[in-house]
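Asker: What follows is a single structure, and I will ask about it in a moment.
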Amino acid sequence: MSTKLTELLNIKHPIIQAPMFLVSNVAMVTEAMKCGIAGCIPALNYRTLEELRAAIKALKANKGDGGAFGFNLIVNKSNPKAKDQLRVICEEGCDFILTSLGNPEETIREAHAVGIKVFCDITNLQYAQKVESLDADAVVAVNNQAGGHRGNLSPQDLIATLVENLKIPVISAGGVGQKSDIDKMLSYGAVGVSVGSPFIASEEASVTDEYKQACVDYGANDIVMTERISGTPCTVINTPYVQKIGTKSTWIESILNKNKKLKKWVKMIRFSIGMKATEKAAKKATYKTVWVAGPSIEHTKAILPTKEIIKRLIT
């Protein structure tokens, strides 16, 4: 299946295994590359720059003829490691960087200088036109079916709007759990898809079996939005614990978020607290579980090897 995305990354199928905090790892992406798709890992999955550098070296060693790999960078002030992570990635090299939650101007400039392509997460036309003006290679259109931080528009509406108004390619993110979903996104005008949640229940994922099994046991109707992780609405599985703590920001956070001077710091603190809680839930099974996932877990019926999940997406 040849599209602009397969040409950009020299891959066999127009699919990016989406970067997922704590879930994505070298083993998952290696299997993705073997199957002819691209894989992406959040740079924040690595606590130190040495660990990030080692992961890049391992992926380069594992890369075959038909795959590609990249890293996700959160480029706003909630990630003080961004500059150093960008430096290491550019020094070691990869096929692409996927930016999220901020201004990607520096990332695009530095990455292009060493031949790395840059795709930017967007949720609306205004921001898409901004990153196009900065010379991004493509946009990743995050729709209202995505897991994690998602957009407000349906896949069809968002893709159609972007294709009509942009010159750069549009990659769709959200709502893909099987091949018919990919066909649908391509029919709307996307050049490929970014798929995350179905891979949580992969054998290679770096999370507990309880988290993986939750993606099997729960479905699309069990996904809710919460403000309690990062301060920005995020999709999670509606476990009993999530029901207990609620999904809205605390009253103190709500008041502070209205203060322009304090809002940035409140979001940084909430992001830090939320990431630690998510990490604890992903790596240790307790009654306090907050599991991030999207509605495409509807098609997850068993914990499977990554290659079997990809087979479901391409056949």
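Read-outs: derived from the displayed coordinates by stated rules, not from any lab. These numbers come from a predicted model, not from an experiment. Positions of Cβ are generated from backbone atoms using ideal geometry, with glycine treated the same way; all protein chains shown enter the neighbour counts.
Asker: If you average 1/r over every pair of different alpha-carbon atoms in the range 72-117 and take one over that average, what Kirkwood value in Å do you get?
Answerer: About 10.4 Å, per the Kirkwood formula over Cα pairs.
Asker: If we count other beta carbons within 10 Å of each Cβ, what is the order of 121, 95, fewest first?
Answerer: 95, 121
Asker: At 0.36 nm per residue, and after removing the present C-alpha to C-alpha distance, how many nm does the segment from residue 124 to residue 308 gain when stretched out fully? Working shown, then result.
Answerer: Details: separation 184, 0.36 × 184 = 66.24 nm, distance 3.31 nm.
Roughly 62.9 nm would be gained on extension.
Asker: Have a look at the range 149-194 and give its Rg and Dmax from the Cα atoms, expressed in angstrom.
Answerer: Answer for the range 149-194, Rg first and Dmax second: 9.9, 28 Å.
Asker: Which far-off residues, 5 or more places away or on another chain, put their amide H under 5 Å from the one on residue 192, with H placed in the peptide plane?
Answerer: Here 172 satisfy the definition.
Asker: Follow-up. Along the range 238-243, what does the Karplus equation 6.51 cos²θ - 1.76 cosθ + 1.60 (θ = phi - 60°) give for ³J(HN,Hα), rounded to whole Hz, x for Gly and Pro?
Answerer: 7, 6, x, 5, 4, 4
Asker: Turning to a different aspect of this structure: Past 26 Å, Cα to Cα, is the threshold; run 4/83; 81/301; 57/81; 81/167; 81/311; 63/130 against it and keep the listed order.
Answerer: As for pairs spanning more than 26 Å Cα to Cα, those are 4/83; 81/301; 81/167; 81/311; 63/130.
Asker: What full-extension length gain, to one decimal in nm, is calculated for residue 1 and residue 225 as 0.36 nm per residue of separation minus the Cα-Cα distance?
Answerer: 77.2 nm
Asker: By how many nm would the segment from residue 77 to residue 60 grow when fully extended, if each residue of separation counts as 0.36 nm and the alpha-carbon distance is taken off? Spell out each step's value before the answer.
Answerer: Values: separation 17, 0.36 × 17 = 6.12 nm, distance 2.94 nm.
Contour length minus the Cα-Cα distance gives 3.2 nm.
Asker: Okay, next question. Under 5 Å between amide hydrogens, which residues at least 5 positions from residue 39 or on another chain qualify, with H placed 1.01 Å from N in the peptide plane?
Answerer: 17, 68, 69, 70
Asker: So, one more: With Rg and the Kirkwood Rh both taken from Cα atoms, where does Rg over Rh land for the range 7-127?
Answerer: 0.94
Asker: Follow-up question, since we're still on this one. Find, to one decimal place in angstroms, the Kirkwood hydrodynamic radius of the range 127-232, where the mean of 1/r is taken over every pair of different Cα atoms and then inverted.
Answerer: Details: mean 1/r = 0.0663 Å⁻¹.
Result for the range 127-232 stands at 15.1 Å.
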